[in-house]
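The values are calculated or read from the model by the stated rules, or taken from the named source; none is laboratory data. No experiment lies behind these values; they were computed from the predicted model shown. Cβ placement follows ideal geometry from the backbone for every residue including glycine, while neighbour counts extend to all protein chains displayed. Heads up: the accessible areas ignore ligands, DNA and RNA and are worked out on the full protein's heavy atoms, side chains in. Shrake-Rupley method; radii C 1.70, N 1.55, O 1.52, S 1.80 Å.
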Amino acid sequence: MDIDGTEVQKGKVNVSLTVKRSSMVFDMDFQIEGVVVVPCDRCLDDVEIPIETHNRLVVKFGKEYAEESDEIVIVPEEEGAINIAWFLYEFVALSIPMKHVHAPGKCNKVMASKLKQHTARNMGNTEDDFSEAVGGEGMEPEDDDGVSTPSDPRWDALRGLVENDNN
């Protein structure tokens with residue numbers, strides 16, 4: 001299937017399609033399972049994301065093509081056919097989690113070390129807490145041992161706004 005979409009560039013999925021027809025309505029039930037390949041949010045290398053989704057599409061005949069809702073499509077009666085390729089792409093793309101990352105320790109080591117160099121708090125990070133540093137969590141002015149770490153002035157400005165709101 002050659003779709004010009006940005007979310008998924010490659011992958012392998014199996015689609016099981018059940019069609020129930022009643023007079024002028026076709027009720028399509030899609031069961032989709034497989035794997036898609038997307039760039040990792042941390043290191044930009046390809047990461048395989050498992051996909052499993054169940055979707056429904058109702059196709060009706062009418063005068064002209066129209067999408068009444070996410071699940072209902074009207075097809076011109078004289079055409080009598082619908083290309084479901086774009087719908088399959090959308091079903092797959094919408095089932096991909098928002099966060100695309102490798103399992104801990106599986107990111108590209110070179111890219112991970114460069115990213116770690118450019119995080120606001122790169123002192124003392126290990127491979128396991130790499131995700132916390134990238135995610136912005138743990139940005140306190142003091143570590144657990146009470147030692148102050150350099151703060152980021154952008155966060156200080158935001159803390160000032162919150163403090164003013166609380167007063």
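Note that segment 56-73 has calculated 3J(HN,Hα) couplings of 10, 9, 10, 10, 10, 8, x, 7, 9, 5, 7, 10, 6, 7, 5, 10, 10, 10 Hz, one per residue in order, obtained from phi through the Karplus relation 6.51 cos²θ - 1.76 cosθ + 1.60 (θ = phi - 60°); glycine and proline are x. Per residue, segment 1-91 exposes 67 Å² of solvent-accessible protein surface, assessed with a 1.4 angstrom probe and all protein chains in place.
Label zone of Glu79 (point 7 Å out along Cα→Cβ, amide N under 18 Å): in segment 19-33 this covers 24-28. Overall, the accessible surface of segment 55-117 at a probe of 1.4 angstrom is composed of carbon and sulfur to the extent of 56 percent. In this structure the amide hydrogen of Ile74, modeled in the peptide plane, comes within under 5 Å of the amide hydrogens of Lys60, Ala66, Glu67, Glu68, none closer than 5 places in sequence on its chain. Between the amide H of Val47 and those of Val38, Cys40, distances stay under 5 Å, these residues lying 5 or more places away or on another chain, with hydrogens modeled in the peptide plane.
In order along segment 32-48, the Karplus-derived 3J(HN,Hα) couplings, from 6.51 cos²θ - 1.76 cosθ + 1.60 at θ = phi - 60°, round to 10, 9, x, 9, 10, 10, 9, x, 5, 5, 8, 10, 6, 6, 5, 10, 8 Hz, and Gly and Pro are given as x. By the Stokes-Einstein formula, at 1.306 mPa s and 10 °C, segment 9-111 with its Kirkwood radius over alpha-carbon pairs has D equal to 101 µm²/s. Pairs exceeding a 26 Å alpha-carbon distance, out of Lys12/Lys106; Lys10/Lys116; Lys10/Lys109; Lys12/Lys99; Lys10/Lys106: Lys10/Lys116.
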